[in-house]
Amino acid sequence: MFEDIYKEVQNPSSGTYKEKGSKFISYSYPVYTEKDIKDKIEEVKKIEHSASHYCYAFVLHPDKSFQRAGDDGEPSSTAGKPILSQILSNDLTNILIIVVRYFGGVKLGISGLIRSYKTAAANAIINSKITTKTLKEQFEVCFEYTQMNNVMRLVKEFDLEVVKTDFQIDCKLIFAVPKSKSLDVEDTFKKNHEITIEYIKKS
């Protein structure tokens, strides 16, 4: 089951690896959309314009539900797949790793290619900062001032993150809660018929 904790790289990073004359340069980026991915691949192609291959893998979304890998002319599964395996073994998401190869004149064979792309990708990850995030959902609670104590008691009980408050005669409060707790919290608020609660968005 998908948990609401996930890991991302905080910053772009790079790494290198050499084998039998071939040079592999890896670039790692935090990405969130397919457009981000296309832009970064084009950017690397401009930087490394004379490379012979531009192989990559990416994972998107907190649940890692969108994954792709590309071999860019290398034998099938010798480049993109080893890069992807490094992303997944480090439990990362919202990340793109591109590994460019400068051919050194000597064929590396299947195992040599897999090792080279895997190691280059691993080196980019080693050189990056990794952050842990929590997938949260936001709700808006509407209530009369007389219900203030009840609402704040629930905020404290569930350790909710208060995002915004508007305490007038009619009060509003927006809170964020980890996805795994959101159903329990929503049900608890709904039991009090003098309080209305509405789902807003993921955050």
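What the table below lists for this structure:
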read-out	value
Qualifying position, being among the β-branched types (Val, Ile, Thr) and assigned by TED's automatic domain parsing to the domain that holds Ile41, among Ile87, Ile169, Ile174	Ile87
Residue identified as acidic (Asp, Glu) and farther than 30 Å from Ala176 by Cβ among Asp63, Asp71, Asp4	Asp71
Residue match in the stretch 35-57 (condition: assigned by TED's automatic domain parsing to the domain that holds Phe24 and touching a Cys at 6+ places or on another chain (Cβ under 7 Å))	no
Selection status of Ser128, in contact with a Phe, Trp or Tyr (Cβ under 6 Å, 6 or more places away or on another chain) and of a type in the set (Gly, Ala, Ser)	no
Single residue of the stretch 27-46 satisfying the filter (in contact (Cβ under 8 Å) with a residue 24 or more places away in the chain and under 21 Å from Tyr17 (Cβ atoms)) that is surrounded by the most Cβ atoms within 10 Å (Cβ to Cβ)	Ser28
Total residues in the stretch 23-60, condition more than 23 Å from Leu88 (Cα to Cα) and within 24 Å of the chain's Cα centre (by Cα)	3
Within the stretch 167-194, considering residues that are of a type in the set (A, V, I, L, M, F, W, C) and outside any strand (DSSP E or B), the one farthest from Glu144 (Cα to Cα)	Leu183
Enumerated strands (runs of 3 or more DSSP E) restricted to the stretch 47-165, each holding at least 1 residues that are surrounded by fewer than 20 Cβ atoms within 10 Å (Cβ to Cβ) and without any contact (Cβ under 8 Å) to a residue 40 or more places away in the chain	66-70
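The values are calculated or read from the model by the stated rules, or taken from the named source; none is laboratory data. Keep in mind that this is a model prediction, so the values were computed, not measured. Neighbour counts run over all protein chains shown; Cβ positions are idealised from the backbone, glycine included.
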